[in-house]
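Have a look at the structure below, then the notes.
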Amino acid sequence: METSTLLVIGVVGLIVVVIGLMVYNGLRERREVDPLEERLAIYAERNETVESLRDIEEQLSFRDRVIIPIVAALSRLVNNLTPQEQLEQARRKLELAGQTTDPATFMLQRIVWTVMLGGLGLLLAIVRQSGFTELIAFTGGGVLMGYYFPMISLNSKIRKRQESIVKALPDALDLLVICVEAGLGFDAAMGKVYEKWDNELALAFGRVLREIQLGKLRRDALKDMALRMDVPDVNSFTAAIIQAEQLGVSMSKILRVQSDQMRVKRRQRAQEKAQQAPVKMMIPMVLLIFPSIWVVLLGPAVLRIMNTPSGGAW
């Protein structure tokens, strides 16, 4: 392949990577509020006179003026071209991860990662002057990594969020029990959890309270919270609260029973992990620790055998 062709392909690949990075930056730092409206609100708070919208737009950053509108347009295009089933699956995943990103924006993010890593794989293959098979392997590997990396990252966030909710639930139930037994209502007790803590469960309680204030029934708000988390412990907790509300059972007794059950489950999980520790330790011991011990113990003997003449005595 000629040097000029390699140079052209390299420049094109570099441009693709730069464009991908710019679009990804706009996706990662995309604002929920229009920056122009935000700037107008600042002028209104200061009681300053707005000269013209053109002057305000010129004060915005390059990302707000160029990258974010491009990303919004691309997101709308992806939304129109992507099947609705895939968008619903992405919306469900984002909801479980506790993110407010639009599904079309997430799909665009996957496309950006695919283009970036695919272009990097192609550029690497060209720099190495690889054959056709290696060219396809590098490019295809980059494309696959770019396409699945956002989903793998999202699944990891979902797992971490669910684990944090499971860890925080027993303590939250203890606080709910204390507040309800002190005379507060269940909604006020959830408000105390929301005020005292700053974790995923407290934020979920705060959202439930806002939905109730907007007119949604408590049982519907709790059901929606359980669906947004998909945690078995939360499902059993919300089912018990809804049943207690429907049957007129004392809320403090239900919360006390739920709190005791969650603490027993947390103790059982800790014991399960403790029993799994020896098995998990076998892998680093066999692969890392035992070879080092063998080298330390048998290394001097092997060196002595190698330096001893054949048939000679030690």
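Things to note:
- Looking across segment 226-278, just one residue is without any contact (Cβ under 8 Å) to a residue 40 or more places away in the chain and at positive phi, and that is Gly248.
- Verdict on Leu117 being closer than 30 Å to Tyr194 by Cβ and buried (at least 20 other Cβ atoms within 10 Å of the Cβ): no
- Any chance Arg92 is of a type outside the set (A, V, I, L, M), out of contact with any helix residue (DSSP H, G or I) (no Cβ under 7 Å at 6 or more places or on another chain) and closer than 30 Å to Asp224 by Cα: yes
Conditions (1) in the same structural domain as Leu94 (by TED's automatic domain parsing); (2) of a type in the set (A, V, I, L, M, F, W, C); (3) more than 25 Å from Ala72 (Cβ to Cβ), marked per residue:
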{"site": "Met116", "(1), (2), (3)": "yes, yes, no"}
{"site": "Leu122", "(1), (2), (3)": "yes, yes, yes"}
{"site": "Arg128", "(1), (2), (3)": "yes, no, yes"}
{"site": "Ala137", "(1), (2), (3)": "yes, yes, yes"}
{"site": "Gly140", "(1), (2), (3)": "yes, no, yes"}
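- Test: residue in segment 266-282 that is out of contact with any Asp or Glu (no Cβ under 8 Å at 6 or more places or on another chain), outside the structural domain of Leu176 (by TED's automatic domain parsing), of a type in the set (A, V, I, L, M) and over 26 Å from Ser164 (Cβ atoms): yes
- Within segment 124-171, considering residues that are touching a residue at least 60 places away in the same chain (Cβ under 8 Å) and touching a Lys or Arg at 6+ places or on another chain (Cβ under 6 Å), the one nearest to Arg92 (Cα to Cα): Leu154
- Within segment 247-279, considering residues that are polar (S, T, N, Q) and within 30 Å of Gly183 (Cα to Cα), the one surrounded by the fewest Cβ atoms within 10 Å (Cβ to Cβ): Ser250
- Any hit, segment 99-111, residues being outside the structural domain of Met262 (by TED's automatic domain parsing), closer than 19 Å to Ala226 by Cα and in contact (Cβ under 8 Å) with a residue 60 or more places away in the chain: yes
- Taken across segment 111-133, residues that are out of contact with any helix residue (DSSP H, G or I) (no Cβ under 8 Å at 6 or more places or on another chain), assigned to a loop (DSSP other than H, G, I, E, B) and on the phi < 0 side of the Ramachandran plot do occur, with at least one present.
- Complete set of residues in segment 195-212 that are touching a helix residue (DSSP H, G or I) at 6+ places or on another chain (Cβ under 6 Å) and touching a residue at least 60 places away in the same chain (Cβ under 8 Å): Glu200
The values are calculated or read from the model by the stated rules, or taken from the named source; none is laboratory data. Values in this document were obtained by computation on a predicted structure and should not be read as measured data. Cβ sites come from the backbone with ideal geometry, for glycine too, and all protein chains shown count toward neighbours.
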